[in-house]
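The values are calculated or read from the model by the stated rules, or taken from the named source; none is laboratory data. Quick caveat, the model's predicted, so the values are computed rather than measured. Cβ placement follows ideal geometry from the backbone for every residue including glycine, while neighbour counts extend to all protein chains displayed. Note: accessible area is taken over every heavy atom of the protein model, side chains too, but ligands, DNA and RNA are not part of it. Shrake-Rupley method; radii C 1.70, N 1.55, O 1.52, S 1.80 Å.
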Amino acid sequence: SVRYSGIYDEVVLSSVSLTAGSDYYISVDNYASSYRGTFGLCLEDSPDYDYYEGAEDITSLMNSCSANDAYTTLGATMDKSSGSGSNSSGYNRWFKFTAPASGVIKVTVSRGGVRGVNAVLWESDGETELQSVRYSGIYDEVVLSSVSLTAGSDYYISVDNYASSYRGTFGLCLE
């Protein structure tokens, strides 16, 4: 079940645990009778970065940055752990990258519209935590780093925010 965050938001409902060949049903409703209107549906058969299984590969961002509003926690759902050091809502987004030859990484989560950012660096299983960073002030950027990654191996990052009312956009920088 998914509810809108703002009255003009698109709502995304997804799952990575459906049984192939089984029938499923979707129901759509609105907040109040005065909000009635038309809508469309889009169906996709592959997960997006809302899930570990659909983590967005950001290796191409090495030594550069995305736009500050390239990603969003709006519409994110809960999956896997939120990290030991985070103070999070559990509604995270997933990214993966291949470690550079140096084995060193610095990831900056640049705040667009999101507040209270949390980020976690994970081993390739998405469950073994390497580092968890929590915001100090709700408007702070957060930085993850490691000097001991295995060159050529894949690692994962999850980005979350403190509370559902703090959801919004963010960007990533990799060095």
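Checking Cβ-Cβ separations below 4.7 Å across the chain identifies Cys42 as cysteines lacking any candidate disulfide partner.
Region 112-175 and region 1-55 have Cα centres spaced 25 Å apart. By its C-alpha gyration tensor, with a ≥ b ≥ c as the square roots of the eigenvalues, how is region 120-175 shaped: rounded for a/c under 1.5, else prolate for a/b larger than b/c, else oblate? Judged from the Cα gyration tensor, region 120-175 comes out prolate (a/c at least 1.5, a/b above b/c). Mean sequence separation of contacting Cα pairs (under 8 Å, at least six apart), scaled by the length of the chain, corresponds to a relative contact order of 27 percent. Shown for region 88-133: the carbon plus sulfur share of the solvent-accessible area, taken with all protein chains present and a 1.4 angstrom probe, equals 42%. Net charge in the neighbourhood of Tyr51 (other residues with Cβ under 10 Å of its Cβ; Lys, Arg +1, Asp, Glu -1) is -2.
Region 40-81: Rg/Rh from Cα coordinates, Kirkwood Rh?
My calculation of the ratio gives 1.01.
Taking all protein chains into account, the per residue accessible area for region 61-157 stands at 43 Å² (1.4 Å probe).
Relative to its Kirkwood radius, the Cα radius of gyration of the chain gives an Rg/Rh of 1.00.
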